[in-house]
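Chemist: Can you read through this structure? Questions will come right after.
No value in this document is a laboratory result; all are computed from the given coordinates. All of these numbers come straight from a predicted model, not from anything done at the bench. Please note: Cβ atoms are built from the backbone with ideal geometry, for glycine as well, and neighbour counts cover all protein chains shown.
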Amino acid sequence: MNQIWVRDYLKRYFMIHQCHFIEEGPGHLEVKLSVEVDKDLTNRPYYWTFVERTGAEPETLTMTFIFDQKKVPEGIRGEEIRFGSERLKQIFNSAKKRGKMVRLYQQPKQKIRGVQIPTNYYTLSPWLGVNYKVEFISDQKKDLLISLGIDLGTGKMKQNFYQYLKQLDLSPVLPANVSTLAPFISIREAALQLEEWIIHEIHKQNFNWAIEANERLKEELKMVELFYEIESENKTNIELLVEKEKRIEEVKWQYSPKIEVSPINFGIFYLDKISI
Amino acid sequence: MMQHKKDRTYSIKINEELVVPIHFHQQWIYELQSSHSQNGPWDLWDVFHLAYQAEEALQVKDFNELQCLNHLPNLTPFPHQIETAKKVLNEMHGRAILADEVGLGKTIEAGLILKEYLIRGLAKKVLVLVPASLVLQWTRELNQKFGIPAVAQKKEWMWEKYDIIVASMDTSKRNPHRNHIMKQHYDLLIVDEAHKLKNRRTKNWEFINNIKKKFILLLTATPIQNDITELYNLVTLLKPGHFGKFNSFQKEHMKDKRSPKNKELLRKEIEKVMIRNKRSDKKIEIKFPKRIVHTIPIELTPKERELYQAITNFVKEHYHKFNGDLKNMFTLITLQREICSSRDAAFITLVNLFKNSGGNETLKNEILKLVQIAKKVELQSKANEVIKLIKKINDKVIIFTEYRATQEFLINKLAEQGIYSVPYRGGFNRGKKDWMMELFQRKAQVMVATEAGGEGINLQFCNHIINYDMPWNPMRVEQRIGRVHRLGQTRDVYIYNLSTKGTIEEHILFLLHEKIQMFENVIGSLETILEKLNLDNIENNIMEILINSKDEQDFRSRLSNIGKI
């Protein structure tokens, strides 16, 4: 993630959240925060409680970010921001908190091959879309991102759903002259189907990481058995047993392979049947 | 993410003996259902993209590749440090002894490993145990260099409240702290100066052994000091049973306490749990700047010589008289040391001694005589020599003295010559210290400092040190040099020692220079040398020798015998 990426991300984040750009140069960006961004980034909960209690006019902070110190004119001071810096982490968290759950409607295409299509032809069907993060965990770790969608009318599923959605014209407003189909499958049922699909996907993965971790686990458990067996020749006591149990727990904790599946974000998407 | 009781867990059977659980977080289903039935609230599609991109950027795509290097804007680790971190993560599975020689950056290696585990989500609760004097330094480094939100443990309630804590080992092992620690599960435990765990029968060892931990790093520059058993004990903390039981370890690996049976075999076994980078390794890219030492001989003027002799005689004469009166004996030691520094330093002590001598008229008269002699000294040879030296160096210089009176005298003297200097002392508050450092870096040519220890004076931009007077304690000398000769110093370091001929200072310098070779040794190894020389209370030893020596020659030869057993 280079500085171009970071700058682009920041600018979009501030723009979307209605912050005001005061000054921009080749190496820096000065921005006056909006209320919601100020609350997420400046860590002054007491101030915001005060404003809300008293109804005082809120005054948000101004921040200057430095992307390339060499290109910053004399006299401008700010905080350097790069991938890995605490500030960017904060902005990521703010985005994750504020970009979790959407409901969107596909906008009717005005024209197909130059021919105006009357919009009242359209009926949109509801889809559940989820971006998942799958974590493979032992003493090591790897992530996999999986995006899936399911038609709440028919149960039909679609992979790389998010990548598909990104090509469409979507809006939170239901367009005029457009109707929506009622869902046939509940959100919960649909979610369970997506989980089945994910299990199916996971099955296709290479499991050497788990097998190897399990080998290490077995080897170290053997070591523990031997060690405490010998130790107990000298002293038999309850303390030694407790210590051994603790050690076995530690080894399992360290190596036992497991998989965690959690959503990044999700939503209900009303989509035009024809385009799928 | 929190485990929710309505979550679902499946299992995947990999083979006959391995079943891997899959845990699905399902809280989101309820959130979506609720928004769906209540027509909101909904988030923005644009922000939805930002959230996904953030996750994409943070995704750990690979089991083995280090992620942390992309997350460290304030640090460029050396190749051997990166290699060490990779090895601990991928081959040692997070339980290792980091035993690099001093100065190669064990702290950086531990920081990299910690950062990597935090990024991968494999560690959350972390405890770093260090000597009390290093707690703040560790906390600061983890925060500034690694962006790790570590806090220094101060209050009892902090054990539960904070995830990443730096604490002193001596505090932690005592109750009530011990009880709190034993209740926790630490994903990672880091122990600095781990050679304190070499004995299995100590409270330290037992304490570390009992802490519940997933990963553990033991940091020490001296994994073996005396006895191979020490290594066995360290390894047993990491992996009980790695070397089998002690008897079989003894049989297999030890010829006697100090020598292994089969060096090669033992080395192979050790390499599985310990990494030791040495300065002489080819792969080490750190270049340590050299220490270049100059001794500047100073010839006293007849008047200065007279004062020095008078004071030395006075000290010798009264030292025995004051025997048992510790406060007065201490004053005499101070006086003897001060007169090596400057007339001004000794002057204040003489005045105080006069005030405190009560009705003792003989003593008062003697002191008055000394004061008279002191007043006759017009020219201070050392100061003149220093001014010549500074003009010749023509670069930033830090002058160390033990005494405030000398400090003030020097600053005035330098100002007379048009040399701008700033003071630095322990009594300054943080803000003033920072201000003085900044002035020194930006405006002043000289800093005159009375304090070498303490936190946060890093003067890498300066590479000339003048020891205006010599502390009698080698650790203090090393602290002075350590301010500029440390990681980050790119130029060779020049050390100028002023040595007044025919005074005790000349002998002290001989002891430090020739005997302990303290100016040539790099950071840290001093402790080992002092331990070897058996020099526990060096200041008192020197004073004893001084008082009991018949003449200079006797003094010199007794001094040479220091440390000989």
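Chemist: Which distance in nm do the two modelled labels at B:E271 and B:K375 give, with both placed 7 Å along the Cα-to-Cβ direction?
Modeler: 7.6 nm
Chemist: If you wrap a convex hull around the Cα atoms of the range A:123-248, how much volume per residue is inside, in Å³?
Modeler: Details: hull volume 19.0 nm³, N = 126.
So the per-residue Cα hull volume is 151 Å³.
Chemist: Another question, then. Taking only C-alpha pairs under 8 Å that are 6+ residues apart, what is the relative contact order of the range B:1-130 in percent?
Modeler: Reported relative contact order: 15 percent.
Chemist: Please state the shape class of the range A:3-98: rounded when a/c is under 1.5, otherwise prolate if a/b exceeds b/c and oblate if not, all from the C-alpha gyration tensor.
Modeler: Here the range A:3-98 falls in the prolate category.
Chemist: How are the alpha carbon pair distances in the range B:71-275 distributed across 5 Å bins from zero to the largest one, expressed in percent?
Modeler: 1, 7, 16, 20, 20, 16, 10, 6, 3, 1, 0
Chemist: If you don't mind, another one. Would chain B count as rounded, prolate or oblate if I go by the C-alpha gyration tensor, calling it rounded below 1.5 in a/c and otherwise prolate when a/b exceeds b/c, oblate otherwise?
Modeler: prolate
Chemist: Determine the percent antiparallel among the DSSP beta bridges restricted to the range B:71-275, to the nearest 5.
Modeler: So the antiparallel bridges amount to about 5 percent of the total.
Chemist: Report the gain in length on full extension from B:K155 to B:K86: 0.36 nm times residue separation, minus Cα-Cα distance, nm rounded to one decimal.
Modeler: Values: separation 69, 0.36 × 69 = 24.84 nm, distance 3.50 nm.
This chain segment gains 21.3 nm when fully extended.
Chemist: Output the pairs from B:K198/B:K261; B:K145/B:K183; A:K218/B:K145; B:K355/B:K432; B:K173/B:K214 with a Cα-Cα distance over 27 Å in this structure; if there are none, say none. Can you show the working numbers first?
Modeler: Values: B:K198/B:K261 20 Å; B:K145/B:K183 30 Å; A:K218/B:K145 38 Å; B:K355/B:K432 33 Å; B:K173/B:K214 19 Å.
Where the Cα-Cα span goes over 27 Å, the pairs concerned are B:K145/B:K183; A:K218/B:K145; B:K355/B:K432.
Chemist: Cα-Cα over 24 Å: which of B:K321/B:K375; A:K141/B:K203; B:K413/B:K501?
Modeler: Result: B:K321/B:K375; A:K141/B:K203 exceed 24 Å.
Chemist: A further question follows. What do the square roots of 5 times the Cα gyration tensor eigenvalues come to for the range B:302-376, in whole Å, largest first, as semi-axes of the equivalent ellipsoid?
Modeler: For the range B:302-376, the semi-axes come out at 19, 14, 11 Å.
Chemist: Let me ask you something else. Sequence gap at least 6, Cα distance under 8 Å: using those rules, report the relative contact order of chain B to the nearest whole percent.
Modeler: On the way: 743 pairs, mean separation 62.8, N = 565.
Relative contact order comes out at 11 percent.
Chemist: A further question on this structure: Given points 7 Å out from each Cα along the Cα-Cβ axis, report the B:E317 to A:T123 separation in nanometres with one decimal.
Modeler: About 11.9 nm, to one decimal.
Chemist: Based on the Cα gyration tensor of the protein assembly as shown, what are the three equivalent ellipsoid semi-axes, each the root of five times an eigenvalue, rounded to whole Å and given largest first? Each step should come with its number before you reach the end.
Modeler: Numbers: eigenvalues 859, 274, 93 Å².
Sorted largest first and rounded, they come to 66, 37, 22 Å.
Chemist: Take every DSSP beta bridge whose two residues both sit in chain B, then give the antiparallel share in percent to the nearest 5.
Modeler: Details: 8 of 54 bridges.
If I count the DSSP bridges inside chain B, around 15 percent turn out antiparallel.
Chemist: Right, something else. About its Cα centre, how strong a charge dipole does the range B:71-275 have in debye, to the nearest 20, once Lys and Arg get +1 and Asp and Glu get -1 at the Cβ?
Modeler: 660 debye
Chemist: To continue, here is another question. Using only the C-alpha atoms of the range A:181-232, find the volume of their convex hull and express it per residue in Å³. Please list the in-between numbers first.
Modeler: Working: hull volume 5.0 nm³, N = 52.
With only Cα atoms used, the range A:181-232 gives 96 Å³ per residue.
Chemist: For a Förster distance of 41 Å, can you work out the FRET efficiency between the beta-carbons of B:S11 and B:K432, rounded to the nearest 0.05?
Modeler: Computed FRET efficiency for B:S11 and B:K432: 0.05.
Chemist: Could you point to the residue in B:I119, B:L129, B:H513 farthest towards the positive end of the protein assembly as shown's charge dipole, with +1 and -1 charges on the Cβ of Lys/Arg and Asp/Glu respectively?
Modeler: Highest projection toward the positive end goes to B:H513.
Chemist: Give the Rg (one decimal place) followed by the Dmax (whole number) of the range B:171-213, computed from C-alpha coordinates and expressed in Å.
Modeler: Radius of gyration, then largest Cα-Cα span, for the range B:171-213: 10.2, 26 Å.
Chemist: Also, quick follow-up: Just in the range B:269-371: which trypsin sites (Lys or Arg not before Pro) are loop by DSSP and have at most 15 other Cβ atoms within 10 Å?
Modeler: Within the range B:269-371, the qualifying trypsin sites (Lys or Arg not before Pro) (loop, at most 15 other Cβ atoms within 10 Å) are B:K272, B:K278, B:R279, B:K282, B:K283, B:K287, B:K290.
Chemist: Another question, then. With 31 Å as the limit, write out which pairs from B:K283/B:K391; B:K316/B:K396; B:K125/B:K196; B:K6/B:K86; A:K156/B:K125; B:K283/B:K392 have Cα-Cα distances beyond it, or answer none.
Modeler: B:K283/B:K391; B:K316/B:K396; B:K6/B:K86; A:K156/B:K125; B:K283/B:K392
Chemist: How would chain A be classified by its alpha-carbon gyration tensor: rounded, prolate or oblate, with rounded meaning a/c under 1.5 and the a/b versus b/c comparison settling the rest?
Modeler: Details: a/c = 2.44, a/b = 1.32, b/c = 1.85.
Note, shape of chain A comes out oblate.
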